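Working notes for the structure below.
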Amino acid sequence: MSFSARQVKLTDREQLIDLYKRVSKTIGGIARVEKEITEEYIQNILENSINNGVSFIVEDNTELVAEIHCYKLVPSVFNHVLSELTVVVDPKYQGQGLGKLLFGELLGFIEKERQDILRVELIARESNQRAINFYEKLGFKIEGRFEKRIYNGPGDFEDDIPMAWFNENYIVK
Ligand SMILES: CC(C)(COP(=O)(O)OP(=O)(O)OC[C@H]1O[C@@H](n2cnc3c(N)ncnc32)[C@H](O)[C@@H]1OP(=O)(O)O)[C@@H](O)C(=O)NCCC(=O)NCCS
């Protein structure tokens, strides 16, 4: 099946809540559990992405099945950075190229339209090795490690891996 991506809209909110809840039920992916997927959390993502960042979604007919976003942090010293990158693909649709499609749209859009952005950053838990390998193939570089940043249960911590991608079309102002 062939899918295409479009930019996110405020009216995607309810479907985005459902998608994030479905993905949060699977262990080892995003750093949020189901009860932390609140209306406020998703509203924040939508507003930050639309006003101050970049975001794309994929639909299957009218059902929202995948999303990617990143946005600027508040301090002006980070004006050239898109941060807080999160990508989610509905568990039923994983492994079918949607993650690749969304990253292609996002990074392609930044290269073409966002010459003000030099750096895009993300963090992945160390055990999500498939995702880390995927990000490396896309051009993200591992920048270090946040030791024992993820809590998996009593006495069970995991390192978090910061990664960054640089925009070759950045224009110095
Ligand atoms: C990680 C994720 C975004 C990848 O999207 P996807 O649509 O499943 O991946 P694609 O089919 O486009 O394949 C892209 C790469 O992702 C990897 N991948 C595929 N399924 C994956 C899965 N379930 N978990 C992690 N990585 C996966 C593959 O290695 C693939 O690389 P390759 O084709 O070069 O071998 C998606 O699986 C997902 O949402 N996982 C749960 C949430 C999560 O882990 N988010 C990222 C947190 S850092």
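Here are the numbers:
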read-out: Out of Asn52, Asn61, sole residue that is under 17 Å from the mean Cα position of the chain (by Cα) and more than 23 Å from Ile161 (Cβ to Cβ); value: Asn52
read-out: Single residue of Glu34, Glu84 found to be farther than 14 Å from Val8 by Cα, within 16 Å of the ligand (Cβ to nearest atom) and loosely packed, with under 14 Cβ neighbours inside 10 Å; value: Glu34
read-out: Residue within the range 124-138 that is farther than 26 Å from Arg22 by Cβ and either touching a Gly at 6+ places or on another chain (Cβ under 6 Å) or surrounded by fewer than 18 Cβ atoms within 10 Å (Cβ to Cβ) (or both) present; value: yes
read-out: Selection within the range 102-113 - buried (at least 20 other Cβ atoms within 10 Å of the Cβ) and in contact (Cβ under 8 Å) with a residue 40 or more places away in the chain; value: Leu102, Glu105, Leu106, Ile110
read-out: All positions within the range 118-135 that are within 6 Å of the ligand (Cβ to nearest atom) and either within 22 Å of Tyr71 (Cα to Cα) or touching a residue at least 40 places away in the same chain (Cβ under 8 Å) (or both); value: Ala124, Asn128, Ala131, Phe134
read-out: Residues satisfying the stated conditions in the range 1-47, i.e. in contact with a Lys or Arg (Cβ under 8 Å, 6 or more places away or on another chain) and without any contact (Cβ under 8 Å) to a residue 60 or more places away in the chain; value: Ser24, Glu34, Ile37, Glu39, Tyr41, Ile42, Gln43, Leu46
read-out: Any chance Leu85 is in contact with a Ser or Thr (Cβ under 9 Å, 6 or more places away or on another chain) and under 22 Å from Asn169 (Cβ atoms); value: no
read-out: For Arg32: the one exception among (1) basic (Lys, Arg); (2) over 15 Å from the mean Cα position of the chain (by Cα); (3) modelled with pLDDT under 95; value: (2)
read-out: Top-ranked residue in the range 52-81 [being without any contact (Cβ under 8 Å) to a residue 12 or more places away in the chain and either surrounded by 18 or more Cβ atoms within 10 Å (Cβ to Cβ) or under 18 Å from Lys9 (Cα atoms) (or both); ranked as nearest to the ligand (Cβ to nearest atom)]; value: Asn61
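The values are calculated or read from the model by the stated rules, or taken from the named source; none is laboratory data. Since the structure is predicted, the reported quantities are computational estimates derived from the model, not experimental observations. In this analysis, Cβ positions are derived from the backbone assuming ideal geometry, glycine residues included, and neighbour counts consider all displayed protein chains.
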